1. Could you list, in sequence order, the residues of the stretch 1-52 that are among the polar types (S, T, N, Q), exposed (fewer than 14 other Cβ atoms within 10 Å of the Cβ) and either in contact with an Asp or Glu (Cβ under 9 Å, 6 or more places away or on another chain) or under 18 Å from LEU66 (Cβ atoms) (or both)?
2. In the stretch 73-91, which residues are under 20 Å from ILE27 (Cα atoms) and open to solvent by 80 Å² or more (accessible area, probe 1.4 Å)?
3. With the stretch 32-112 as the region, which helices (runs of 4 or more DSSP H) entirely inside it contain at least 3 residues that are modelled with pLDDT of 95 or more?
4. Please tell me if LYS97 is under 13 Å from LYS20 (Cα atoms), open to solvent by 40 Å² or more (accessible area, probe 1.4 Å) and basic (Lys, Arg).
5. Does HIS55 satisfy the criteria of being without any contact (Cβ under 8 Å) to a residue 60 or more places away in the chain and buried (at least 17 other Cβ atoms within 10 Å of the Cβ)?
6. In the stretch 1-31, what residues are touching a residue at least 60 places away in the same chain (Cβ under 8 Å), hydroxyl-bearing (Ser, Thr, Tyr) and not in a loop (DSSP other than H, G, I, E, B)?
7. Quick one: ALA28 ticks every box in (1) over 10 Å from the mean Cα position of the chain (by Cα); (2) closer than 24 Å to LYS97 by Cα except a single one, so which number is it?
Amino acid sequence: MSSSTYERIFQTVQNIPSGKVATYGQIAYRARASGPRQVGYALHHLPQGSSVPWHRVINSKGEISLPAGSELHEIQKTLLEAEGIEFSPEGKISRSKYLWEHKLPKPRPYSE
């Protein structure tokens, strides 16, 4: 995985405003990454103390992807709640209410 791809992913995630979320797929599309998994790998490799708001990236079901009950799941949930994002009793986030819909030009096809 190329570091330039990771940089595009990090920059895209950096643009998600507080109080909004984006899916791994949205980030992959906007960053011209190979797919949602590559976004997950990139976020997993963020250096500790990074200012990239990794916690604003959720799965396509509107859920936190980290295992429920894990320390990182609870950290992500706490960070999102601190930004005003609410969870349903089932642990889902309303995509219609919180999904980042920033309008960007369609990216050029990815090639490296």
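1. SER2, SER4, SER18, GLN48, SER50
2. None - no residue of the stretch 73-91 is under 20 Å from ILE27 (Cα atoms) and open to solvent by 80 Å² or more (accessible area, probe 1.4 Å), so the list stays empty.
3. Values: elements: 36-44, 71-82, 95-98.
Output list reads 36-44, 71-82.
4. For LYS97, the condition - under 13 Å from LYS20 (Cα atoms), open to solvent by 40 Å² or more (accessible area, probe 1.4 Å) and basic (Lys, Arg) - is met.
5. Spelling it out, HIS55 is indeed without any contact (Cβ under 8 Å) to a residue 60 or more places away in the chain and buried (at least 17 other Cβ atoms within 10 Å of the Cβ).
6. Result: SER4, THR5, THR23, TYR29.
7. (1)
The values are calculated or read from the model by the stated rules, or taken from the named source; none is laboratory data. Being a predicted model, the structure only gives us computed values, none of them experimental. In this analysis, Cβ positions are derived from the backbone assuming ideal geometry, glycine residues included, and neighbour counts consider all displayed protein chains. SASA here: full protein model, heavy atoms, side chains in, ligands and nucleic acids out. Shrake-Rupley method; radii C 1.70, N 1.55, O 1.52, S 1.80 Å.
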